[in-house]
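Inspection log for the structure reproduced underneath, given as structure tokens.
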Amino acid sequence: MSFDLLSIMSGISLCPLTEHSKNNFCSLLEKQNSGIRSAGPYSLKYKWSTYDGHAATSDRVMNLNWIIMHNPLGLWNVPFISNCYLINATLIKNKATRPSYSVDDLDPDMAFAYINRERYIHMYVSNRLDFGHLVDPDTYNIKLTHPDFYQILDNKFDWEKRYIHENYSLNFHPNHQSQQAYVYWFPIANRRFTKELINVVETYGHWSDGTNHDPRLSGGYENVPTRDIHMNQINFEPQWLYFLKEYVRPLQELVFTGYYHDPPRAIMNFVVRYRPDEQPSLRPHHDSSTYTINIALNEVGVDYEGGGCRFIRYNCSVTDTKPGWMLMHPGRLTHYHEGLKVTKGTRYIMISFVDP
Ligand SMILES: O=C(O)CCC(=O)C(=O)O
Ligand SMILES: [Fe+2]
């Protein structure tokens, strides 16, 4: 645990604070200078049901959830706080009120709250200011290239704000979807998403060799090989399937009406890399999917030249792709297609064969 002494106000916060949080803490304290205060950077998955016997009533559990939902705003006297709080320094100086973390076999946070209650030291939660959210140390892996990118299952709220395209919700406006030959086009991910995904796969670096022999597949054989990295190779498969369910499936239901498959299934989820001197193009084929998604990860004319996807039956080529925009098209039978030749630079796309 790291200690962050707040010099302006007399207090100690038991968690590293950002400048923004510090300022917010200080302005809170100016208004109410007493006791021990927890100010809002909750871990989103935190369960409030873990009080010891003294504090556990279902009423209280209800109330605390209510506070977290920001309704109504205020300063709340609560029986239990943990993870991130500010303690008035006078409580620490005085031996009789100094925090203690050990009582019988209680966990340290339970013991801390229990002793405060026994001593009539009030603990407060404020939800008046937004302090952001704590990450869950059990799932936040700082060894990953982009830990936040992996947080979709643990903190969907922040993940969505960080990675989903700012115009995603416009896809659901009537008549807003655009298509040609039943190839639909949607903004879905932002530039941070596309850049971080490229970084993650390039850092991993084990691209397939582009031959038909592919030990990653159950049959060991790939009929139409690309140079790619699968999501399970970067330990992102559960996260990716959740992305398909939460952000891709609703768009599919919008445009291919009457087809429901929740959750979507997908075994083949991979980033493809095209380069003139490696694999510049992909021969005509059908995908083994009910529908396929194809998200552009970088920018034509800037990062590469050429490239794109051509649907042969309709003589329809999509070459003006934009990073974070997703093509969605039927996989089998009608949408025989090819990857057009990249003549310069590197083109990256993210592909999923959904419901094979
Ligand atoms: O290059 C493209 O956009 C098409 C890729 C593709 O068809 C595939 O990976 O199955
Ligand atoms: Fe394909």
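The values are calculated or read from the model by the stated rules, or taken from the named source; none is laboratory data. Model, not experiment: these values are computed from the prediction. Reconstructed Cβ throughout: ideal geometry from the backbone, glycine too, with neighbour counts over all protein chains shown. Calculation scope for accessible area: heavy atoms of the full protein, side chains included, ligands and nucleic acids excluded. Shrake-Rupley method; radii C 1.70, N 1.55, O 1.52, S 1.80 Å.
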What is the gain in length, in nm to one decimal, between residue 93 and residue 332 on full extension, counting 0.36 nm per residue of separation less the C-alpha to C-alpha distance?
78.8 nm
How far is the Cα center of the range 223-241 from the Cα center of the range 307-355, in Å?
17 Å
Per DSSP, the loop-located GluC sites (Glu not before Pro) within the range 224-287 having at most 14 other beta carbons within 10 Å are 278
Difference of contour (0.36 nm per residue) and Cα-Cα distance, residue 157 to residue 179
4.9 nm
In range of the label at residue 313: residues from the range 248-276 whose backbone nitrogen is under 17 Å from the point 7 Å along Cα→Cβ:
256-257
Using a Förster distance of 30 Å, how high is the FRET efficiency between residue 129 and residue 169, based on the Cβ-Cβ distance and rounded to 0.05?
0.70
The Cα extents of the range 171-273 along the principal axes, largest first and rounded to whole Å, are 44, 31, 26
Determine the alpha carbon to alpha carbon distance for each of 195/344; 156/344; 322/344; 195/341; 161/341 and list only those over 28 Å.
156/344; 161/341
Taking only protein heavy atoms and a 1.4 Å probe, what accessible area per residue, in Å², does the range 298-348 have with all protein chains in place?
46 Å²
Equivalent ellipsoid semi-axes - Cα gyration tensor, the range 75-125, angstrom:
16, 15, 10
Of 219, 183, 169, which is farthest on the positive side of the dipole of the range 166-251, counting Cα position, with +1 on Lys and Arg Cβ, -1 on Asp and Glu Cβ, and the Cα centre as origin?
169
Students often get this wrong: which residues of the range 206-235 have the backbone nitrogen under 14 Å from the point 7 angstrom along Cα-to-C-beta of residue 283?
210-213, 222-226
With r defined as the distance between the Cβ atoms of residue 256 and residue 320 and R0 fixed at 25 Å, what FRET efficiency is calculated, to the nearest 0.05?
0.60
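Report, to two decimal places, the Cα Rg of the range 245-356 normalised by 2.2 N^0.38 Å (N = number of residues).
That works out to 1.06 for the range 245-356.
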In whole percent, how big is the carbon plus sulfur part of the accessible area of the range 147-354, probe 1.4 Å, protein atoms only?
50 percent
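Report the gain in length on full extension from residue 146 to residue 202: 0.36 nm times residue separation, minus Cα-Cα distance, nm rounded to one decimal.
Working it through step by step, the gained length comes to 18.9 nm.
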